[in-house]
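The values are calculated or read from the model by the stated rules, or taken from the named source; none is laboratory data. Just so you know, these numbers come straight off a predicted model, no measurement behind them. We place every Cβ from the backbone using ideal geometry, glycine too, and count neighbours over all the protein chains shown. Ligands, DNA and RNA are stripped out before the accessible areas are found, and what is left, the full protein with its side chains, is counted by its heavy atoms. Shrake-Rupley method; radii C 1.70, N 1.55, O 1.52, S 1.80 Å.
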Amino acid sequence: MNTAYHSGSLAVQQRFGVRQLADHVGRSITPGIRPVAAAFLEAQPMLMIGAADHEGRVWSTLLTGAPGFVRATGPHTVSVAAALPEGTPEGAPIGTLALDPRTRRRMRLNGIARPSARGFTIEAEQVFSNCPKYLQKRELYGSDPAHRPGAGATRHGEALTPDQLRRVRAADTFFVSTAAPDGVDTSHRGGNPGFVRAAGPRELSWRDYPGNAMFLTLGNLESDGRAGLLFLDWETGTTLQLSGLAHTEYGPEGRVTRFRVDRTVETPAGSPLRWSPPEYSPSNPPTP
């Protein structure tokens, strides 16, 4: 049995008859950072990080910096020149995702975070790449030279506003962080605009498209329903973070994940990066 998976992921793999495939794919998960992975990390201007705060709420957060702000300092250690998300306990498990929209490449690195003089370090426990499915291609226009961290008024809430609902329904990408007994994972979800459905200011859902058969996100939700979503306005840099509970339903529509919003945080111009409009992935299924 592949020890890369906990009981939640194993249960979902068993449900869909992909245990053998999942074991084969799971061999790509290693505790070490290979040179190609280190080079990819160092070239990225952004990193998504998932972690639970002191209250146990899971959040997905965007970190940015000049290429090199994330770098491997050893075969099992990464240094990040940024602060940990507010409320993240020292020694907390975190799940990170490095994604390059320019090349449709992505890599996940999960481990233990600790503060450092530079920002924080990650002791890597799981490192692996994912395929480019459902990734929209974007070019990086550059970084806003007038950007000042914290300059915009951060807005907190317990439900989505009408404007936030509009942006969620128009999104082609979001990031989802989930927790389980063995750690935290951050993943990407993409599709044509409209693939995220909003039944109301606290109720979101999306279809789970075919992927790599690992079922890491769905497996985590089987074990622990806490989740954090991150929506990014690629052109303005505004970030929208949602924290709440999620579960997956299996029915005529296939796998559908339903998320209930408990907390929201919107940060205008939270990112200095400015990206082009998308070139949609040819893998995206049509939306109704």
Is it the case, given these coordinates, that TYR280 is of a type in the set (Phe, Trp, Tyr) and within 20 Å of PHE128 (Cβ to Cβ)? no
Expected output for the range 249-276 (first residue surrounded by fewer than 19 Cβ atoms within 10 Å (Cβ to Cβ), partner in a strand (DSSP E or B) and among the acidic types (Asp, Glu), Cβ below 7 Å, 6+ apart or cross-chain) is VAL256/GLU249; ARG258/GLU249; ARG260/GLU203
Can you confirm whether the range 51-72 contains a residue that is buried (at least 20 other Cβ atoms within 10 Å of the Cβ) and either assigned to a loop (DSSP other than H, G, I, E, B) or modelled with pLDDT under 95 (or both)? yes
Yes or no: GLN20 free of Cβ contacts under 8 Å to residues at least 12 places away in the same chain, assigned to a helix (DSSP H, G or I) and either of a type outside the set (Lys, Arg) or surrounded by 14 or more Cβ atoms within 10 Å (Cβ to Cβ) (or both)? yes
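Can you tell which of ARG189, ARG202 is among the charged types (D, E, K, R) and surrounded by 17 or more Cβ atoms within 10 Å (Cβ to Cβ)? Can you show your working first?
Details: ARG202 fails: surrounded by 17 or more Cβ atoms within 10 Å (Cβ to Cβ).
Residue meeting the stated conditions: ARG189.
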Of the numbered conditions (1) in a strand (DSSP E or B); (2) within 15 Å of VAL265 (Cα to Cα), ALA179 fails exactly one; give the number of that condition. (2)
Result of the Cβ filter at 9 Å on the range 129-140, keeping first residues that are more than 11 Å from LEU99 (Cα to Cα) and open to solvent by 70 Å² or more (accessible area, probe 1.4 Å) and partners that are aromatic (Phe, Trp, Tyr) and not in a loop (DSSP other than H, G, I, E, B), at least 6 apart or interchain, is GLU139/TRP275
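From the list LEU160, LEU109, which one is in contact (Cβ under 8 Å) with a residue 60 or more places away in the chain and outside any loop (DSSP other than H, G, I, E, B)?
Result: LEU109 is the single residue among LEU160, LEU109 that is in contact (Cβ under 8 Å) with a residue 60 or more places away in the chain and outside any loop (DSSP other than H, G, I, E, B).
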Could you list, in sequence order, the residues of the range 1-35 that are closer than 21 Å to GLU125 by Cβ and polar (S, T, N, Q)? ASN2, THR3, SER7, SER9, GLN13, SER28, THR30
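Given the criteria surrounded by 21 or more Cβ atoms within 10 Å (Cβ to Cβ), closer than 19 Å to GLU86 by Cβ and either β-branched (Val, Ile, Thr) or in contact with a Leu (Cβ under 6 Å, 6 or more places away or on another chain) (or both), does THR217 qualify? So that I can check it myself, show each step before the final result.
Working: surrounded by 21 or more Cβ atoms within 10 Å (Cβ to Cβ): yes; closer than 19 Å to GLU86 by Cβ: no; either β-branched (Val, Ile, Thr) or in contact with a Leu (Cβ under 6 Å, 6 or more places away or on another chain) (or both): yes.
Taking the combined requirement at face value, the residue does not satisfy it.
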Checked pairs for the range 75-99, first closer than 18 Å to VAL176 by Cα, second at pLDDT 95 or above and not in a strand (DSSP E or B), C-beta under 6 Å and 6 or more apart or across chains, list as ALA98/LEU41; ALA98/GLN44
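Of these, ARG167, ARG197, which one is part of a strand (DSSP E or B) and among the basic types (Lys, Arg)?
Details: ARG167 fails: part of a strand (DSSP E or B).
Selected residue: ARG197, the only one of ARG167, ARG197 that is part of a strand (DSSP E or B) and among the basic types (Lys, Arg).
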Identify, by number, the condition in (1) open to solvent by 20 Å² or more (accessible area, probe 1.4 Å); (2) in a helix (DSSP H, G or I); (3) of a type in the set (Val, Ile, Thr) that THR121 doesn't meet. (2)
Return the total of residues in the range 157-186 being closer than 14 Å to ASP224 by Cα and open to solvent by 50 Å² or more (accessible area, probe 1.4 Å). 2
